[in-house]
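Visitor: Next up is a structure, given as structure tokens.
The values are calculated or read from the model by the stated rules, or taken from the named source; none is laboratory data. Everything quoted here is computed from the prediction, not taken from an experiment. Backbone-built Cβ (ideal geometry, glycine too); neighbour counts: all protein chains shown. Areas reflect the complete protein model, heavy atoms only, side chains present, ligands, DNA and RNA absent. Shrake-Rupley method; radii C 1.70, N 1.55, O 1.52, S 1.80 Å.
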Amino acid sequence: GRSLGAQLRRVMRIGGRNQASRAPGSPADRRHDGRPGDVGGRCGGAHGSGSGYLPGTAAAGVPSLANAAVPQRDSGGKKRILMLISDTGGGHRASAQALEAALKELYPNQLEISIVDIWTQYSPWPFNTCVAGYAFLQKRQALWWFTYHWSCFLPTREATTAWAKMSGTVELFQQCLGKYDPDLIVSLHPLTQDLPIRAMKANGKVVPFVTVVTDLASAHPHWFDKRVDRCFVPSTSLLRMAKYRGLSDEQLRLYGLPIRPTFWQAPKAKELTKRALGLRADMQTVLVVGGGDGVGGLGTIVEEIAALAVDELPGQVQVVVVCGRNHVLRKRLAKTRWPKEVRVSVHGFITQMSDFMAASDVIVTKAGPGTIAEANARALPIMLSSFLPGQEAGNVDYVTSGGFGVYRKKPKRIARGVISWLADPVLLATMSANSLRAARPLATYQIANDIGSMLCSASQLMPNVLPPSAAAATPPPLAV
């Protein structure tokens with residue numbers, strides 16, 4: 001019931017409290033500390049050990065590179081790759097870690113890879129509070145819609161960029177690039193193109209700069225910067241958008257979305273996987289997830305599916321719900337006394353998502369790009385329960401037009417759709433086949449191979465055999 005202005009002021013206060021409570025050198029500030037090459041390693045950020053200032057920046061309070069602790073360049077002959085992300089949602093880091101794993105597999109002992117949340121660790125307030133702001137906004141869709149479209153509108157987009165530049169963000173980004181001294185930079189977030197490229201050029205060392213788009217079917221304009229050397233897109237709709245934004249055929253590659261290593265290989269038999277997870281092998285399984293933060297009205301959805309399963313498919317359905325970091329919901333559902341005609345298994349944040357998807361017959365999820373791509377790899381029909389306006393809106397059409405899912409907003413309609421699929425084996429099999437047809441099981445390898453070949457000799461370890469079900473669906477390197 002608050003006004004839009006009041007909610008925006010609350011976002012700013014959240015960021016201000018978080019920043020004020022984290023003194024330089026405090027445990028919170030050190031939690032990502034690690035040498036370059038550590039996944040999530042901290043660069044030093046605005047609270048680095050350097051005490052000097054760049055000429056002309058002292059008034060802005062921008063620490064300089066003069067006394068920054070720059071790693072020794074001798075890294076055993078390995079080439080350095082710096083991956084830039086922001087932890088606004090888990091997908092950007094998950095994609096970066098997937099690419100890191102593929103690069104190390106294809107180019108063993110040849111690369112030193114660092115993943116850095118550059119906005120949190122290297123930008124001034126309020127820009128270093130974007131993670132907390134994202135968590136706040138994604139639960140308030142009207143406010144998210146306003147913020148997203150504000151950032152897409154050219155005049156306000158340019159004004160926000162100018163504000164970030166005047167606050168000393170470029171100089172702080174120069175520190176990050178100077179410290180890691182990369183031979184190649186990979187951007188996996190829409191806000192890690194423009195200013196990092198400016199910082200790279202200001203440092204005087206220009207290296208290959210690559211963008212890996214981690215949205216699926218719709219994307220923010222900031223993803224597409226004509227100055228990059230290469231841009232990897234996951235879908236034909238984003239290929240068209242990239243061309244509209246001025247990127248050339250030579251810059252673009254269409255492979256798919258990077259997904260986690262556990263999804264690269266075919267799963268074990270469904271019955272074996274169910275038993276290993278403590279599930280009934282003789283029951284159909286519905287997997288209900290809401291992202292790392294457990295958003296999307298999971299509790300009501302689970303209750304409606306369970307109730308309808310009791311009425312229409314008694315004793316035949318088990319529901320697995322993944323609550324993520326929503327501890328309150330997990331405790332509430334775990335304490336619920338469910339009817340004996342349905343089984344409900346409640347989990348918090350899990351690491352075996354590939355196994356849980358392999359054990360399932362249907363997934364209910366928000367329209368996050370990573371979850372959709374991973375569900376495709378496991379041939380799952382998808383019931384979309386929510387989406388973020390703007391960046392995830394195109395994912396709804398991607399799922400529905402592909403014939404492997406639908407979008408339903410109300411929990412009762414979600415439950416009705418899921419139970420009707422389970423009751424129709426022919427329909428379920430058709431949707432499963434369509435989902436697998438949309439999978440890109442080698443996309444992570446293909447992207448990693450292209451990136452690695454920009455620094456090293458072409459890898460001889462690149463898999464060249466596709467599963468028969470995916471071979472016909474995998475696109476060429478560039479679709480024009």
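For every residue, the table says whether it meets (1) under 24 Å from P389 (Cα atoms); (2) part of a loop (DSSP other than H, G, I, E, B); (3) touching a Ser or Thr at 6+ places or on another chain (Cβ under 6 Å).
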| position | (1), (2), (3) |
| --- | --- |
| L143 | yes, no, no |
| W150 | yes, no, yes |
| P155 | yes, no, no |
| A164 | no, no, no |
| V210 | no, no, no |
| D215 | yes, yes, no |
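Visitor: Would you be able to say whether some residue in segment 370-381 is surrounded by 22 or more Cβ atoms within 10 Å (Cβ to Cβ), out of contact with any Phe, Trp or Tyr (no Cβ under 9 Å at 6 or more places or on another chain) and more than 21 Å from Q316 (Cβ to Cβ)?
Guide: Yes; the residues of segment 370-381 include at least one that is surrounded by 22 or more Cβ atoms within 10 Å (Cβ to Cβ), out of contact with any Phe, Trp or Tyr (no Cβ under 9 Å at 6 or more places or on another chain) and more than 21 Å from Q316 (Cβ to Cβ).
Visitor: Taking segment 242-274 as the region of interest, how many residues are crowded, with 21+ Cβ neighbours inside 10 Å, part of a helix (DSSP H, G or I) and either modelled with pLDDT of 95 or more or touching a Gly at 6+ places or on another chain (Cβ under 7 Å) (or both)?
Guide: Number of matching residues: 3.
Visitor: Additional query: Anything in segment 390-422 that is under 30 Å from D311 (Cβ atoms), open to solvent by 10 Å² or more (accessible area, probe 1.4 Å), in a helix (DSSP H, G or I) and of a type in the set (G, A, S)? List them, or say none.
Guide: Within segment 390-422, G417, S420 qualify.
Visitor: Looking at segment 309-327, I want the residues that are open to solvent by 30 Å² or more (accessible area, probe 1.4 Å) and have a partner that is β-branched (V, I, T) with Cβ atoms under 7 Å, at least 6 apart or on another chain. Which pairs are those?
Guide: That search, which allows pairs on different chains as well, returns V310/V342; E312/I419.
Visitor: Now a separate question. Please state which one of D225, D183 is touching a helix residue (DSSP H, G or I) at 6+ places or on another chain (Cβ under 7 Å), open to solvent by less than 40 Å² (accessible area, probe 1.4 Å), acidic (D, E) and modelled with pLDDT of 95 or more.
Guide: Selected residue: D225, the only one of D225, D183 that is touching a helix residue (DSSP H, G or I) at 6+ places or on another chain (Cβ under 7 Å), open to solvent by less than 40 Å² (accessible area, probe 1.4 Å), acidic (D, E) and modelled with pLDDT of 95 or more.
Visitor: I would also like to ask the following. Within segment 217-230, can you find the residues that are farther than 24 Å from V131 by Cα and either small (G, A, S) or assigned to a loop (DSSP other than H, G, I, E, B) (or both)?
Guide: If the condition is that a residue be farther than 24 Å from V131 by Cα and either small (G, A, S) or assigned to a loop (DSSP other than H, G, I, E, B) (or both), then K226, R227, V228, D229 are the ones that fit.
Visitor: When the residues of segment 198-226 are filtered to those that are of a type in the set (A, V, I, L, M, F, W, C) and touching a strand residue (DSSP E or B) at 6+ places or on another chain (Cβ under 6 Å), which remaining residue is farthest from G246 (Cα to Cα)?
Guide: V207
Visitor: Looking only at segment 52-101, which residues are over 16 Å from the mean Cα position of the chain (by Cα) and modelled with pLDDT of 95 or more?
Guide: Within segment 52-101, K79, R80, I81, L82 meet the criteria.
Visitor: Does I118 qualify as being within 19 Å of the chain's Cα centre (by Cα), open to solvent by less than 10 Å² (accessible area, probe 1.4 Å) and at pLDDT 95 or above?
Guide: no
Visitor: Among residues belonging to segment 423-443 that are among the small types (G, A, S) and assigned to a loop (DSSP other than H, G, I, E, B), point out the one that is surrounded by the fewest Cβ atoms within 10 Å (Cβ to Cβ).
Guide: Filtering segment 423-443 for residues that are among the small types (G, A, S) and assigned to a loop (DSSP other than H, G, I, E, B), the one surrounded by the fewest Cβ atoms within 10 Å (Cβ to Cβ) comes out as A423.
Visitor: Quickly run through segment 172-223 and pick out the residues that are over 18 Å from P258 (Cβ atoms), of a type in the set (A, V, I, L, M, F, W, C) and without any contact (Cβ under 8 Å) to a residue 60 or more places away in the chain.
Guide: F173, L195, I197, A199, M200, A202, V206, V207
Visitor: Where residues in segment 193-208 are of a type outside the set (A, V, I, L, M, F, W, C) and assigned to a helix (DSSP H, G or I), which of them is least open to solvent (accessible area, probe 1.4 Å)?
Guide: P196
Visitor: Still on this model: Would a scan of segment 333-353 turn up a residue that is free of Cβ contacts under 8 Å to residues at least 60 places away in the same chain, buried (at least 20 other Cβ atoms within 10 Å of the Cβ) and part of a helix (DSSP H, G or I)?
Guide: Yes - at least one qualifying residue is present in segment 333-353.
Visitor: Quickly run through segment 236-264 and pick out the residues that are under 17 Å from N376 (Cα atoms) and out of contact with any Ser or Thr (no Cβ under 9 Å at 6 or more places or on another chain).
Guide: Within segment 236-264, T236 is the sole residue that qualifies.
Visitor: When you scan segment 151-158, do you find a residue that is of a type in the set (K, R) and without any contact (Cβ under 8 Å) to a residue 60 or more places away in the chain, even just one?
Guide: Of all residues in segment 151-158, those of a type in the set (K, R) come to 157.
Among the residues that remain, those that are also without any contact (Cβ under 8 Å) to a residue 60 or more places away in the chain are: none.
Among the residues of segment 151-158, not one is of a type in the set (K, R) and without any contact (Cβ under 8 Å) to a residue 60 or more places away in the chain, which makes the answer no.
Visitor: Could we say that D282 is of a type outside the set (F, W, Y) and closer than 22 Å to R93 by Cβ here?
Guide: Answer is no for this residue.
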